Every structure is written in structure tokens, then in C-alpha cells.
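In what follows, a single structure is set out as C-alpha cells and then discussed.
Bear in mind that the values in this text are calculations on the coordinates, not laboratory data. All values reported here derive from a predicted model rather than from experimental measurement. As a convention, Cβ positions derive from the backbone with ideal geometry for all residues, glycine included, and neighbour counts pool all protein chains shown.
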Amino acid sequence: LALGVAMFGGRIINIAPQGLEMPDHVVERLRILYKAEVETVRDLKEVISDLDVLYVNRLQKERLPEEVDYEAIKDSYVITPDSIRNSKHDMIIMHPLPRVNELSYELDGDSRAMYFEQSRNGLFVRMALILALTGGTYLKLNPLERERMESEVKCGNPRCVTDHEPYLRPAYEVLSSKDKGRFCVYCGVKAEITDSITPLLKGRISP
């Protein structure tokens, strides 16, 4: 999502508690690819009047770092009518659904609530992607030119899918000719690799 916003020149404000800020490797990726800068704040009230879109996510307990106390922060960001009282009248609220308690049911009838329409549109987007992947001609992708390489060196991210699925061989990509850093194809984390890496594919691959 952040990559898509940055691609079109959007300003990104990450509203998160201590320990759940946008990962450094994502911030670096945004900077390298789109020269985007990410601002981080703790309190929604600081920026609510500036937002065009408020994208809310549920707090995924199963994905939290061990040092983060779920019980201590689970109610930190509950969006209610009062939370958005000072927002722009045409700001929209999005959420991937399902929700837990982070999005008040009182907002469901608000004209700014777009998450049900978002969920419905997701169906059509997936239909279009399936059409394209199965040989359809109605959707044409124009991905960026990048170099992709395989390696014997495992990704350093313990949550990367390659750490749990042994059949996947680690693979990395170079995002820019100016920045020679190699990023994991699967999770996006920057890898510290100096050797044991061989070219796999050079051509057009999706962002």
C-alpha cells in the first residue's frame, strides 16, 4: 500500500505506537524507488485535519514483535466519530477488513467510511488479476526494469516466508543502479550480501 501511495506522489504519515513504526527496510525502499519520505507521529489528533485518507489496520497480535505488549497497546488507536471530528469533510476512511475493535461500528453509516466499498472493489481487482495471469488481454501491466538474483544466503528476516518454506530458494533484487543494496524478493528486507549470489533474471518484474 505504501509503495502504491508513494508511486503516485502521495505524502505518507505513519501513525503508530512505539515499536510498531513502519519498518526501516520499507522506508528505505520508498526513498530509493520514489524519493518518498515517511513522517511518523504517535497521536492521530496531530494530523487528522491534514489527511485525505485515513487507512486503518487491525493490530495483528500474531505478528507483533516479542518485545511489544499487545494488552498495553490494543486500545491505543480506536477510531470513533470523535476521533475524526476535525477531519476534512471529504476525507475517506479505509480498512482491509475484518476488524477487531479498532474501528467503531458507529462509523459505518458515515459518508467518509469507504471500507465496505473497498472490500467490494477488491473482488473486482482480484478478478482482473486472475484474468491477466491466465492469459486475459484486458489488463496490461507496465512493471519496472530490475535485476533479480538467487542466492544460497538466507534472508535475515525471521518472519520471511523463506525461513518457513524450505522449498523456496532465497532471491534478491537491486532496486536502483545508484543504490546497490539487495532486497529480499519475498519480504522486502534489505540483505547484507557480498558474495554467493548469482544472476537469475534480468528483465521486467513487478514492483
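Model label points for Asn14 and Glu150, set 7 angstrom from Cα along the Cα-to-Cβ axis, are 3.3 nm apart. In sequence order, region 149-159 has phi-based couplings of 9, 9, 8, 7, 7, 6, 5, x, 8, x, 9 Hz under the Karplus curve 6.51 cos²θ - 1.76 cosθ + 1.60, θ = phi - 60°, and Gly or Pro positions carry x. The lysine pair tally for the chain, using Cα distances under 26 Å and a gap of 8 or more places or different chains, is 21. Per-residue 3J(HN,Hα) values for region 15-23, derived from phi via the Karplus relation 6.51 cos²θ - 1.76 cosθ + 1.60 with θ = phi - 60°, read 9, 8, x, 4, x, 10, 5, 4, x Hz in sequence order (x marks Gly and Pro). Across the chain, Cα pairs under 8 Å and at least six residues apart give a relative contact order of 16 percent.
Amide H to amide H, with H built 1.01 Å from N, Ile92 comes under 5 Å of Val53, Leu54, counting only residues 5 or more places away or on other chains. Sorted into 5 angstrom bins from 0, the C-alpha pair distances of region 1-79 split as 3, 13, 24, 22, 20, 12, 4, 0 percent. Residues in region 68-84 carry Karplus couplings, in order, of 9, 8, 4, 4, 6, 10, 4, 9, 5, 10, 9, 8, 10, x, 5, 4, 10 Hz; the curve used is 6.51 cos²θ - 1.76 cosθ + 1.60 with θ = phi - 60°, and Gly or Pro positions show x. Here each label is just a point 7 Å from Cα along the line to Cβ, and for Tyr167 and Asp90 those points are 5.0 nm apart. Per-peptide packing, taken as the mean over residues of other Cβ atoms within 10 Å, places 169-175, 21-27 in the sequence 169-175, 21-27 from highest down. A P(r) calculated from all alpha carbon pairs of the chain, with 5 Å bins opening at zero, reads 1, 6, 11, 14, 16, 17, 15, 10, 6, 2, 1, 0 percent.
By how many degrees, 0 to 90 and rounded to 10, does the Cα axis of helix 24-34 deviate from the longest principal axis of the chain? With rounding to tens, the tilt is 80 degrees.
Tell me, what is the FRET efficiency for Arg31 and Val68 to the nearest 0.05, using R0 = 35 angstrom and their Cβ-Cβ distance as r? Numbers along the way, then the final one.
Details: r = 25 Å, r/R0 = 0.72.
That pair, Arg31 with Val68, gives E of 0.90.
Residue separation of Glu192 and Gln60 scaled by 0.36 nm, minus their Cα-Cα distance, works out to 44.7 nm of gained length.
Counting every other Cβ atom within 10 Å of each residue's Cβ, Leu133, Leu3 order from fewest to most as Leu133, Leu3. Largest GNM mean-square fluctuation among Glu46, Glu165, Glu37, using the chain with Cα springs under 10 Å: Glu165.
Tally Lys/Arg at +1 and Asp/Glu at -1 over every other residue whose Cβ is under 13 Å from the Cβ of Ile92; what's the total?
On the way: positive: Lys88, Arg112; negative: Asp52, Asp90, Asp110, Glu117.
With Lys, Arg at +1 and Asp, Glu at -1, the net is -2.
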